Structure formats: structure tokens, C-alpha cells
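Here's the structure we're looking at; comments come further down.
We did not get these values from a lab; they are worked out from the coordinates using the rules stated. What you are looking at is a predicted structure, and each value in this text was computed from that prediction instead of being measured. Note: ideal-geometry Cβ built from the backbone for every residue, glycine included; neighbour counts use all protein chains shown.
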Amino acid sequence: MDGWRPSVCPFDCPDTCGLLVRVEGGRAAAVKGDPQHPFTRGFLCQKMAQYPARVHHPQRLRAPLLRIGPKGSGQFKEISWDQALSLAAGKLGDTAEASGASSVLPYSYAGHMGHVHRNGGHAFFHKLGASKLGRTICSATASAGFAHGLGSGPSTDLSWSQYSDLIVIWGSNTLSTNLHAWPWFQEARKQGARLVVVDPYRNQTAAKADMHLMLRPGSDAALALGLMQVLIDEDLVDREYVAAHTLGFAELAQRAAQHPPETVARLTGVPAGQIVELGRAYGRAKAPFIRTGWGPARQLKGGMAMRAIALLPALVGAFGRRGGGIARSTGAGAYLDLAPLLAGELAPEGTPTVNMVELGRALAPDAPRPINLLWVYLSNPAVVAPDTSAVLKGLAREDLFLVCQEMFLTETARWADLVLPGASSLGITDLYTAYGHRWVQMARPVIAPVGLSRSILAVFQEMAARLGFSEEVFRAGEEEIISWLLAGGSPCLEGVTLESLSSCRPLKADIPANPYAEGFLTPSGKVEFYSESLAALGLDPLPGGEPSRDDDHGGAYPLQLITPPREQFLNSTFNEVDLQRQRAGEASILLHPLDAAARGIKDGGRVRVFNARGECLLRAQVSDAVLPGVTVAEGLYWGAHTPGGAGINHLTSQALADLGGSSAFHCNQVEVAPVS
Ligand SMILES: Nc1nc2c(c(=O)[nH]1)N[C@H]1C(S)=C(S)[C@@H](COP(=O)(O)OP(=O)(O)OC[C@H]3O[C@@H](n4cnc5c(=O)[nH]c(N)nc54)[C@H](O)[C@@H]3O)O[C@H]1N2
Ligand SMILES: Nc1nc2c(c(=O)[nH]1)N[C@H]1C(S)=C(S)[C@@H](COP(=O)(O)OP(=O)(O)OC[C@H]3O[C@@H](n4cnc5c(=O)[nH]c(N)nc54)[C@H](O)[C@@H]3O)O[C@H]1N2
Ligand code: SF4
Ligand SMILES: [Mo]
């Protein structure tokens, strides 16, 4: 049906925008933001404006492909779905017989965020007895850090910030990665609120702030302790709130006392005067609001960093005030009943789990447990996973059979033996919740399938039929599964039903704007400055200020490198859209004039960035938007779109953060040298 049709942005972004798609002759001709969406309010980011170009891209995969050249050569021939699925079923059977079902590993993440399809392969791999995947790459450490202070569960809603008089954006590049939070912050500013950014570089967001604390990566816990000490020292603590709702203030105060502003200035690179200024402003604000991104968590001590930041609002009683609190992740996803779709009970007891951050290690020929068949979907590990050279070595193994469900011949799909063309979000039915707001929405197909592409769920159900799996989950349709997800009986989803969602308009989940006003889901029910559960794990029960640091091989790699997202890409997605690549420009590295001068590097010159793990060629951008000793490379460019052919994850490591097991993507030591 032609005309403007409702849909949802399927990408891994907190905003989960309401979309309107203009359909002409079964194709998407244009998209715009849905003005009736109460949170995203009618505008889109520049990436999504290119969605029709991506969906109908000439290089979009339209048929199953079988490898006919050497691995990685990109030489394939088209085959039928029947041939492709029979081959896949045969390989799964052979692999399980030869080396056990646990030598099969699914690898998926969040290329598509709809719950039905994102989770639509899990039951299949459980039943098969494949190794499980620990899906930790993004938020596990941040969640764990918060859980050990405030408890799990949703955090304060971003829209609550409109009532705040002091907004602190702590390690989030809002204007690039969470654009629809910005108007709420601006509303508060119109009423006189001050906006402070805590970030290692002057990103788009920091450039628009009233104050920017430029800290060294990995030093957030120290900064938080420094702010706590100012609050305690200047008697800005809300004693009543602390007495009623927290545990361990006396012990915290002792720890904070070891972090006076001068000490913290040394650890963080932030001038002592700024630490005192922000401490005072935070303590005197009526309703201070913090927005933490994931930046502080992508560090070896990232769990500790998030925990320390999360404790600040309790000290000043911010959770008790309209406009006060802390936002990380919110939304209705946690209230869905995923169990019937995941069918975890089908997995044999003792099935091993592979942490997705350690894919390189898991695929090594000498890994303790062999992985001989890897099935990748909704992810592009050759670009997004850390330690790319280890990942590529694994993907290149002659004895690894690689299946890849993809929309494009990505740098992962190039290594595949079998490529299955994936449907886009515009051709399927799914249910979406957000992690940056509380709205729930369903989308139905608005265009005809592109080529022979098929959805994730459809492929796994076909595979299940071939392998003779007979459970109900392998036959249920998309809408039936959505009704299962909603049937858990959570009061937050009252009134959200298949029927009420079927107009494909957003519905609000009944989650309070500031859930922390109603208590904390910690073991004690209070904010835990002192954490017994951390003590039980043998970890520091109090926030500790020692910065994160990558092993620097005795100073051989003296510069810190962070690798945050780039505005023009969504993780590695949109690399395939020419206009977005042009807008992004050449992959670059930001470094301070002193570091550049010491190395004979000129602004705009080509440089080699390297450490023991690998090297990249990038364009130097010399500016005081970053501290001396710190460098920044934005964006996950495909290797093929980077001058030396190697993307930024050649420099990152498989080391795991302290809590939750995420990657320390922003904790790297490197050296930079000019290239003539
Ligand atoms: N345009 C765009 N939007 C995106 C994405 C994208 O790739 N592109 N990705 C999406 C996804 S999957 C996610 S998880 C989110 C992530 O969104 P963000 O949370 O915004 O991303 P981060 O990588 O965590 O980086 C956020 C900020 O943290 C800073 N940072 C790095 N290290 C530290 C540190 O040690 N301390 C502090 N205080 N700050 C630090 C970085 O400089 C950066 O400005 O964004 C989503 N939105
Ligand atoms: N150095 C560094 N590395 C990082 C990060 C960082 O900040 N720095 N960020 C990390 C974070 S936060 C995350 S979440 C991960 C993200 O890692 P991924 O989830 O792997 O993200 P994408 O790169 O977007 O890859 C998703 C793939 O899914 C495909 N896809 C999208 N929709 C569909 C569909 O409907 N069907 C099929 N079959 N395929 C589809 C896309 O074409 C794309 O290739 O990356 C991590 N990697
Ligand atoms: S990527 Fe994020 S900001 Fe852009 S349209 Fe999608 S949900 Fe909205
Ligand atoms: Mo992410």
C-alpha cells in the first residue's frame, strides 16, 4: 500500500525513534520522524535519513551465496535457499558428530533490536546443544557497576531532566549517540539549568556545554571520589537522605578523605579548581541530573567507575527531587517475558559459554574447546570485536565453517562459506522497546522483500524443521511470539497487548520517571556505598580511585587511545552507504599539539598508530580538544575504508573489564608516528 506508513528505527541506539516511511510501488522512497512519537518527537538522525538508500542499496545481498574461491576472497556463486539450508543442516550435523555440538557457536548481537528476530535464533542453538554466547560486548559492565550500587532495574528517565537545574553528561556523546535526549536538556537550560560534560575530549556535546571537565580516560572513579570529598568537606551532603536510604556512609567518607582535590587533579588531569567548582554546584543544585553513557564503563576498571558515578545522587538526596537522579538505561525490555522464546531449558546441562569479547581466543586453533562452525547474524565481528587480528586469524581457518546472515557483504561475511541474505526491518513484524525511553511499539512489513532476503526467525524455523525439532517455539509466528513476550503479567505492561499495539503506534509502559524514588533493587534495599556483595566476590567493597590502565609494555606505548562512536555510522553499520562514508571523511586520530610536535606530526598528515596488538594508518587531527597524552579515534570504519586496510579494533584487546565481562574498548596504550 503506497503512502506514509508507521515503523520503528531498528538500530542499537537508545532513542528507538518512531518512523514514518513513504512507500511507493512496494519500495521505501523516504523516511521521516513520526511527529506523534512523544519522546522522539518527529526528527531523525542523519544516518537514518539514509535508510531507504541502505535498504534498496545496489550491493544489498539478494540471494544465498556459496563460497567458490579461497577463504576471504569474496568469490561466491548464487545458490537456492533449498540448497543453502540443506548445506547448513548437513554441516551442523557433521560438525556435531565430529567434534560435539558445543563446537558450534552462534555469534549475534544487536544489528536489529526487535525482540522477536534479535532473539529468534536462541531456541534453535539451545536445542542443538551449541556453545552459548555471552552477549557482553556493550553494556554488561555498566549494568553490573550500577547493580552494585543502586541495584538493577531501570534508571531515571531522560525526560525527567527537563525539571533539573544542573545536568551532568558523564561519558556520553549525546549529540551523536543519543540525539533525542538533547531537546529535554535544552528545555531545562531554557529554565536556567547549567550543563556540564565530563569527557576525555571536546566532542560535539562538550563543545555546547557550559563547563567541560576534560579527564584522562579511566579516571572516573577518582573524579567521583573527589566530588564526594568536596560534598563532605563543604557540608553539602543530605544527611537525612543518607541516613534513611544508604549503607556505609562512614566507610565511604574515610575513602573519600583520601581523595582531596589536588590528589584527584593528579589522577584525572582535571584542575583542582574545576573539581571543587563542580562539587559545589552539584551539592547546591536543587535537583542535579546525571546522564552516564557507556564511555566510563569501557575500561578495565569500568564497573568500578560506573558504580562510583552512580553513588553521587544519593549523597545529595537527588533521587528524592523532581528532576534529580541518574540515567543510564531505561525502558520496557526488562519487563518482557522472553523465556518462552529463548527456551533455555532446551540447552543440555553444562553447555559451555563463550564471552563474545573473547571471540579471537575462542577461534584459535589451540583453544581449549574447539569451535568448528560459527554462525554469525546481526553482528559484524571482523570490525566490531576487539583484537581484530586474532578474530581474522580465526575466521580464516580452513577447518572453520562460517555461516553469515547479512544484508551486505561485510568484512565478516567476506570470510563466510555460506552467506544468507537478511531481510530489513521494513519487511518484517517485530516488537520494539527502547533503552533510552519508556515507549513500546510494534512494526509490520511496509515494503515487499528485497530480492530473496529472509528474516532471522524464518531462517531458524526452516533450519529447525530440517533437523526435526518439533517444539512449539519452532513453529510460532511473529505475532504469536509477541503475545508470549507480553504475557508475563508485569504491571508495567498493563494494557500493552498485541491488540493495542496493532495500530503500530507507540504505547507507554508504566515505568516511573524516577524509579529510584521508590526504592533500590539492591540486596539491602538501600544505596550501597559499602557493598557486601562485592566484598563476597573478593573485590573492593568501597569505590576505589585507582585509574584503569592498559599494560603499556614498560612505556613503549605512551599514549592513551579511546575509540568512541562516530556520528555518521551506527557501530559498523552505514559504512556501506556512500554518502555516510563521505560525510564521515577519512578515519582520523585526534592528538594534542604537544604530542604531535614531539613526534613531528602535522595536522592533516598521515600517521601510523600502533601497539603490540597491531597497527592502523589514520589522518592526524591536531587540536587541544584533548589532554596531552590522550588520543581519540572516532568510529568503526571497515578495514577496507581505512587507509592501511586495518580498522581501529586492531589496537584493542580481549581483556575483560572488572565486572560483567565487557570489553575495555577505551583502555588502550598506543604510539603514533608520522608516515612520509
Ligand atoms: N551515531 C552513533 N550513535 C550510536 C552508536 C554509534 O556507533 N553511532 N552506537 C550505539 C551504541 S551500540 C551504544 S552502546 C551507544 C554508546 O553511546 P555512548 O555512551 O555515547 O558511547 P561511548 O563509546 O560509551 O562513549 C561516550 C563518550 O564517553 C567518552 N569516554 C571514553 N572513555 C571515557 C572515560 O574513561 N571516562 C569518561 N567519562 N568518558 C569516556 C567518549 O569520549 C565519548 O564521548 O551509542 C549508540 N548510538
Ligand atoms: N573499538 C570499539 N569497538 C566497538 C565499540 C566501540 O565503541 N569501540 N562499540 C561496541 C558496541 S557498544 C557494540 S553494541 C558493538 C556492536 O556490534 P554489532 O552489533 O556487531 O553492530 P554492527 O556493526 O552495527 O553490526 C550489525 C550487523 O547486522 C547487520 N544487520 C542489521 N540489520 C539486520 C537484519 O535485519 N538482518 C540481518 N541479517 N542483518 C542485519 C548489519 O548489516 C551489520 O553488519 O560494537 C562494539 N565495538
Ligand atoms: S539511529 Fe537512533 S537517533 Fe537515529 S533514527 Fe535510529 S533511533 Fe533515532
Ligand atoms: Mo552498544
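Assuming R0 = 56 Å, what is the FRET efficiency of S470 and R41, from their Cβ-Cβ distance, to the nearest 0.05?
The formula returns an efficiency of 0.75 here.
Count the net charge of all other residues whose Cβ sits under 9 Å from the Cβ of L236, scoring Lys and Arg as +1 and Asp and Glu as -1.
Net charge around L236: -2.
Sort out for me the Cα centre separation of region 417-474 from region 622-660, rounded to whole Å.
33
Could you tell me how many degrees, from 0 to 90 and to the nearest 10, lie between the Cα long axis of helix 272-284 and the main elongation axis, the longest principal axis, of the Cα atoms of the chain?
That helix lies at roughly 90 degrees to the long axis.
Give me M463, M211 ranked fewest to most by other Cβ atoms within 10 Å of their Cβ, as a rough exposure proxy.
Ordered by Cβ neighbours within 10 Å, fewest first: M211, M463.
Could you list which residues have their amide H under 5 Å from that of R454, counting only those 5 or more apart in sequence or on another chain, with H placed in the peptide plane?
Here the answer is G422, A423, since their amide H atoms fall under 5 Å of that of R454.
Between A98 and A207, what is the spin-label point distance in nm, taking each point 7 Å from the Cα along the Cα→C-beta axis?
5.3
Quick one: what are the phi-derived ³J(HN,Hα) couplings along region 450-461, Karplus 6.51/-1.76/1.60 with θ = phi - 60°, whole Hz, x for glycine and proline?
Each residue's phi maps through the Karplus curve to give 7, x, 9, 4, 10, 6, 4, 4, 4, 5, 6, 6 Hz.
Please report the antiparallel percentage of DSSP beta bridges with both residues in the chain, rounded to the nearest 5.
50
Taking the Cβ of W81 as the centre, find all other residues whose Cβ is under 11 Å away and add up their charges (Lys, Arg: +1; Asp, Glu: -1).
-2
What cysteines in the chain have no other cysteine with a beta carbon less than 4.7 Å from their beta carbon?
Cysteines of the chain left without a disulfide-compatible partner: C13, C45, C138, C404, C492, C504, C616, C667.
Please report the net charge: other residues with Cβ closer than 13 Å to the Cβ of P296, K and R +1, D and E -1.
+3
Can you tell me which of 304-310, 365-371, 649-655, 58-64 comes out highest on packing, and rank the rest after it, using the mean Cβ neighbours within 10 Å?
My ranking of the peptides, most packed first, is 304-310, 649-655, 58-64, 365-371.
Separation of region 368-384 and region 161-216 by C-alpha centroid, Å?
After rounding, the separation between the Cα centres reads 37 Å.
Among bridges DSSP assigns within region 549-676, what percent are antiparallel (round to 5)?
Details: 17 of 24 bridges.
Here the share of antiparallel DSSP bridges comes out near 70 percent.
Quick one: if the Förster radius is 56 Å, what FRET efficiency do A556 and K71 give, using the C-beta to C-beta distance and rounding to 0.05?
Efficiency for this residue pair is about 0.95.
What distance in nm lies between label points placed 7 Å from Cα along the C-beta direction at A458 and A612?
Result: 4.9 nm between the two label points.
Round to the nearest 10 and give me the degree value, 0 to 90, for the angle of helix 81-99's Cα axis relative to the longest principal axis of the chain.
For helix 81-99, the angle is close to 70 degrees.
Quick one: compute the contact order of region 1-141, relative version, from alpha carbon pairs under 8 angstrom and 6+ residues apart, as a percent.
On the way: 177 pairs, mean separation 21.5, N = 141.
Answer for region 1-141 is 15 percent.
To the nearest Å, what is the center-to-center distance of region 1-75 and region 217-295, using C-alpha atoms only?
A separation of 44 Å, based on Cα centres.
Could you give the spread of the C-alpha atoms of the chain along their three principal axes, from largest to smallest, in whole angstroms?
72, 63, 50
Whole-Hz Karplus ³J(HN,Hα) for region 149-160, in order, using 6.51 cos²θ - 1.76 cosθ + 1.60 and θ = phi - 60°, x for Gly and Pro?
For region 149-160, the Karplus-derived couplings read x, 10, x, 7, x, x, 9, 5, 6, 4, 5, 4 Hz, x marking Gly and Pro.
Mind checking the full-extension length gain between A257 and W182? Use 0.36 nm per residue of separation minus the Cα-Cα distance, one decimal, nm. List each step's numbers first, then the result.
On the way: separation 75, 0.36 × 75 = 27.00 nm, distance 3.54 nm.
Residue separation times 0.36 nm, minus the Cα-Cα distance, leaves 23.5 nm.
Please check which bits of region 126-142 a label hung off L498 would reach, taking the label as a point 7 Å along Cα-to-C-beta and the cut-off as backbone N under 15 Å.
Answer for this model: none.
I want to check the label-to-label distance for S80 and A30. Put each point 7 Å from Cα in the C-beta direction and report it in nm to one decimal.
In this crude spin-label approximation the distance works out to 4.2 nm.
What percent of all Cα-Cα pairs in region 529-613 falls into each 5 Å bin, going from 0 up to the bin containing the maximum distance?
Result returned by the calculation: 2, 9, 14, 12, 14, 13, 12, 9, 7, 6, 1.
For n ≥ 4 DSSP H runs only, could you compute -39500 (n - 2.57) per run for the chain, divide by its residues and tell me the 222 nm figure to the nearest 500?
Calculated at 222 nm, the ellipticity per residue is -7500 deg cm²/dmol.
Roughly how tilted is helix 220-233, in degrees to the nearest 10 and between 0 and 90, from the longest Cα axis of the chain?
Between helix and principal axis, roughly 30 degrees.
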